[in-house]
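Chemist: One structure, as C-alpha cells, below. Some questions next.
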Amino acid sequence: MEHSLGPDDPRVRARAYDLWDQAGRPDGRHLEHWQQAAREITEEDSANGPDAGLQVPDNASTRALREAADHLNGKTGGK
C-alpha cells in the first residue's frame, strides 16, 4: 500500500514550517511551502523506499546467488 501525504502528515508539516522559516516567514505562501515539502518527502521516500535496492558487492558468490534467484524467478540470462 502506498502512503499518501495528507494534511496531517507530521513530516510534511515540519518540512513546510522549515521552508517557511527559511524564506523569512512570509505571509500568504503556505500552500507553496506545503507543496514543496510534500514533493521533497515524496522524492526522498521513493529514493529510500523498498524498491531502491541495496548495494551488493559484486563477487563470485553474490553473482551465483543472484543468478540462482533470477533462475528461480523465471528470468534468464543471469543479468
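What follows is calculated from the coordinates using simple rules that are stated; it is not laboratory data. From a predicted model like this one, the values you see are computed outputs, not experimental measurements. No Cβ is skipped: glycine too gets one built from the backbone with ideal geometry, and neighbour counts run over all protein chains shown.
Chemist: How much length, in nm to one decimal, is gained on full extension between Arg39 and Lys75, taken as 0.36 nm per residue of separation minus their Cα-Cα distance? Before the final figure, lay out each step's value.
Modeler: Working: separation 36, 0.36 × 36 = 12.96 nm, distance 3.48 nm.
Extra length from Arg39 to Lys75 when fully extended: 9.5 nm.
Chemist: If r is the Cβ-Cβ distance from Ala23 to Arg66 and R0 is 35 Å, what FRET efficiency results, to the nearest 0.05?
Modeler: Values: r = 47 Å, r/R0 = 1.33.
Efficiency, rounded to the nearest 0.05: 0.15.
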